[in-house]
1. Kindly evaluate Arg172 against the criterion of being under 27 Å from His35 (Cβ atoms) and either modelled with pLDDT of 95 or more or out of contact with any Pro (no Cβ under 8 Å at 6 or more places or on another chain) (or both).
2. Take the conditions surrounded by 14 or more Cβ atoms within 10 Å (Cβ to Cβ), on the phi < 0 side of the Ramachandran plot and touching a strand residue (DSSP E or B) at 6+ places or on another chain (Cβ under 8 Å) and apply them to Glu121. Does it pass?
3. State yes or no: is Asp103 at pLDDT 90 or above, surrounded by 14 or more Cβ atoms within 10 Å (Cβ to Cβ) and of a type in the set (D, E, K, R)?
4. How many residues, within region 32-69, are surrounded by 12 or more Cβ atoms within 10 Å (Cβ to Cβ), under 30 Å from Phe162 (Cβ atoms) and either touching a Leu at 6+ places or on another chain (Cβ under 6 Å) or of a type in the set (Ser, Thr, Tyr) (or both)?
5. Which one is farthest from Arg25 (Cα to Cα), of the residues in region 130-173 that are in contact with a helix residue (DSSP H, G or I) (Cβ under 8 Å, 6 or more places away or on another chain) and not charged (D, E, K, R)?
6. Given (1) crowded, with 16+ Cβ neighbours inside 10 Å; (2) more than 22 Å from Arg24 (Cβ to Cβ), identify the lone condition not met by Gln98.
7. Going by the structure shown, is Arg108 under 30 Å from Leu164 (Cα atoms), charged (D, E, K, R) and modelled with pLDDT of 90 or more?
Amino acid sequence: MATKTHNTDTVEDCASLDEAPKARRLHFNATLYVHRSLKRKNFNRMIMILAAFCLFAAIRFIMIGAWPVVIFVGIDLVALWLAFHFNYRAAQRFETVQLTDRDLLVTRVHPNGRAQTWRFEPYWVQVRLRKLDDGENELSLRSHGERLSFGHFMLPDERREFALALESALTRWRRRIPVDETV
């Protein structure tokens, strides 16, 4: 998992097509995404090396008269490629957490591009880190009886650090003096 955090950006908000977008100040902005240690370029190299080994093995099997084994060597190579392909596709999922002047927004973008967004009132939202068995934990937001669990792909320590950072941002937000209420 990797996190990018920014604190002083703006986000455009447009409630309807008739309204002009209003810029909102971002007090907290984080993008959570799955960390992949094997980059796409290195994956291609690995597949090419494995294909070379499989070709060598296929030639050996054909030479000793065991040509049906070549079919299974090819199936193994294709299965390995498919497994990595689906794994990389799943890694395209990411989540954003944004704290604006009026909302706490959590957006989950799925590998197919479909996005889901949840809005919370920052004053009432609670950040929860529930301990599970074997050192695991679950990060969630709660407000008005609603609960949203997120960051499933993060490691337990990363969820703990993120919960502290978000709670700190919410505390600063609650203590601020809103711009539109000052005289």
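1. For Arg172, the condition - under 27 Å from His35 (Cβ atoms) and either modelled with pLDDT of 95 or more or out of contact with any Pro (no Cβ under 8 Å at 6 or more places or on another chain) (or both) - is not met.
2. no
3. Yes; evaluated as a whole, the condition is true for this residue.
4. Of the residues in region 32-69, 1 are surrounded by 12 or more Cβ atoms within 10 Å (Cβ to Cβ), under 30 Å from Phe162 (Cβ atoms) and either touching a Leu at 6+ places or on another chain (Cβ under 6 Å) or of a type in the set (Ser, Thr, Tyr) (or both).
5. Gly135
6. Condition (2) is where Gln98 drops out.
7. yes
Let's see how each residue does on (1) assigned to a helix (DSSP H, G or I); (2) under 22 Å from Phe43 (Cβ atoms); (3) of a type in the set (A, V, I, L, M):
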residue	(1), (2), (3)
Cys54	yes, yes, no
Ile62	yes, no, yes
Phe72	yes, no, no
Val78	yes, yes, yes
Leu82	yes, yes, yes
Arg108	no, no, no
Leu129	no, no, yes
Asp157	yes, no, no
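The values are calculated or read from the model by the stated rules, or taken from the named source; none is laboratory data. These numbers were taken from a predicted model, which means no experiment stands behind them. Counting neighbours? That spans all protein chains shown, and the Cβs are built from the backbone with ideal geometry, glycine included.
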